[in-house]
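Visitor: Dropping a structure here in structure tokens format, bear with me for questions.
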Amino acid sequence: KCHGHLGHVFNDGPRPTHLRHCVNGLALKFKPSIKRSYSTSTGRGFRRGYSTSLVPPPDAEERKQAKPVVCYEVDSLPPVDSEFYERVRASMKKVDEVLVKPRDASWFELEAGQLFRITSVEGPQVGDLNLWNRDNIREKFYSSKTRQLHATHLTRGDRMWSSFPYLRPMATITHDTLEWYGWDSDGGGVHDVIGSRCDPYTNAVLRGKQYDQCCHSNLVRALVDKGLGIEEAEASVHDVLNVFMCTGFTHDTKQYFMKASPVRPGDFIEFFAEVPLLGALSACPGGDCSASHSDDLTTCYPLLVEIFDSDPSVLRDWKGSPPVSGYKGCHGVQ
């Protein structure tokens, strides 16, 4: 009880009611009558501007103790023949290279059975990678399915899977000099398939600015340079593999974060092309992504894409491009 009141009503007021309202000032501090079993700062609605006012049910902790189950049983996936890929690597010969300029993107092509390598050459720099089937651009890299089949971050032995209705390995990671990084104390890892790519639309919503060197726009320009119209090019750009980028989710609010990439000149990630590939790589305007992106404030460096041939005698042990998914595609429609 506060022993206060909001005011009085007197009968000496003006016509027609003859009432006069006198309102007092009063400050109230409300205290919860029920002790909550969780912090308001960690409620899911807290960061959206809501106070966490819902009282958990009596069995809340019991419900939270349910054991997690990995969504996809991947033991039945074709095994990665690491010995074969090592033989390929031992015999590979460089045949071409593309230098991707800072805050720009470039395209490159490979035959199935070739390899490509993305290398940091001058300073710490992250890149956004898109892949398509060179002979069928509708088949493109599917980052979320790759994430489900492997993990939030990729490394040696993981594959980049293609979109529906194809769903097959497009490329296999054969080497990664940052494999040692693993997971840090913030929950961060390298080479993520979480973030989509920096883009001008989100930038305009959050900052109210026009910026044409976001990775999305860079990749669009690369496809236009390849010969696609701008509408087809933009429709073909998709969620990326964030090469060299160090990311994760914050422990408290589970928000996507980035931090300074551990990449240094000479570090590289390398891929074996399981199908004929068209690739495009953007040197992100965020540089090493230690501070910002989608602007010109950060120091950026080029990235080098190198193309390698495999020894034909080694490729005799390869079964060729993997088949597409065996699903018939009727979706239950008669």
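Visitor: Step by step: find N for segment 201-286, compute 2.2 N^0.38 Å, then divide the Cα radius of gyration by it. What's the final number?
Guide: Taking N as the residue count of segment 201-286, the ratio is 1.30.
Visitor: Same structure again: Suppose only helical runs count, i.e. DSSP H with n ≥ 4. What mean residue ellipticity at 222 nm does that imply for the chain under -39500 (n - 2.57) per run, divided by all residues and rounded to the nearest 500 deg cm²/dmol?
Guide: For the chain, the value works out to -4000 deg cm²/dmol.
Visitor: Now a separate question. Relative to the Cα centre, what is the charge dipole magnitude of the chain, using +1 at the beta carbon of each Lys and Arg, -1 at the beta carbon of each Asp and Glu, and rounding to the nearest 20 debye?
Guide: Once rounded to the nearest 20, the dipole reads 2200 debye.
Visitor: If packing is taken as the mean number of other Cβ atoms within 10 Å per residue, what is the order of 13-24, 157-168, highest first?
Guide: Going by the mean number of other Cβ atoms within 10 Å, highest first, we get 157-168, 13-24.
Visitor: Still on this model: Quick check for you: with a 1.4 Å probe and neighbouring chains kept, what is the accessible area per residue of the chain, in Å²?
Guide: Dividing the accessible area of the chain by its residue count gives 59 Å².
Visitor: Ranked from highest to lowest mean number of other Cβ atoms within 10 Å per residue, what is the order of the peptides 65-76, 316-327, 84-95, 272-283?
Guide: Final packing ranking: 272-283, 84-95, 316-327, 65-76.
Visitor: Let me ask another. Sort the following peptides by mean Cβ neighbour count (other Cβ atoms within 10 Å, averaged over residues), highest first: 112-124, 172-184.
Guide: Descending mean neighbour count gives 112-124, 172-184.
Visitor: Also: At a Cα cut-off below 13 Å, give the aspartates and glutamates reachable from Lys94, other chains included and same-chain residues fewer than 8 away excluded.
Guide: Glu270, Glu306, Asp309, Asp311
Visitor: Over the chain, what per residue volume does the convex hull of the Cα atoms give, in whole Å³?
Guide: Output value, Cα hull per residue: 280 Å³.
Visitor: Where a Cα-Cα gap under 17 Å defines reach, which aspartates and glutamates qualify for Lys67, not counting those fewer than 8 residues away within the same chain?
Guide: Cα-Cα hits under 17 Å: Asp59.
Visitor: In addition: Hey, any idea what % of segment 221-288's accessible area is carbon plus sulfur with a 1.4 Å probe?
Guide: 54
Visitor: Once Rh for segment 62-103 is found with the Kirkwood sum over Cα pairs, what is the Stokes-Einstein diffusion coefficient at 20 °C and 1.002 mPa s, in µm²/s?
Guide: 135
Visitor: Follow-up question, since we're still on this one. In percent, how large is the relative contact order of the chain, given Cα pairs closer than 8 Å and 6 or more residues apart?
Guide: 28
Visitor: Where the accessible area of segment 132-183 is counted over protein heavy atoms with a 1.4 Å probe, how much of it, in %, is carbon and sulfur?
Guide: 51
Visitor: Same structure, new question: How big is the C-alpha Rg of segment 60-213 next to the rule-of-thumb value 2.2 N^0.38 Å, as a ratio?
Guide: Compactness ratio reported: 1.24.
Visitor: From the phi angles alone, apply the Karplus equation (6.51, -1.76, 1.60; θ = phi - 60°) to segment 121-129 and give each ³J(HN,Hα) in whole Hz, x where the residue is Gly or Pro.
Guide: Listing the rounded values in order: 10, 10, x, x, 8, 9, x, 10, 10 Hz.
Visitor: How large is the Kirkwood hydrodynamic radius of segment 175-334, in angstrom, based on all distinct alpha carbon pairs?
Guide: 18.5
The values are calculated or read from the model by the stated rules, or taken from the named source; none is laboratory data. As the structure is a computational prediction, the values presented were derived from the model and not from experiment. Note: ideal-geometry Cβ built from the backbone for every residue, glycine included; neighbour counts use all protein chains shown. Calculation scope for accessible area: heavy atoms of the full protein, side chains included, ligands and nucleic acids excluded. Shrake-Rupley method; radii C 1.70, N 1.55, O 1.52, S 1.80 Å.
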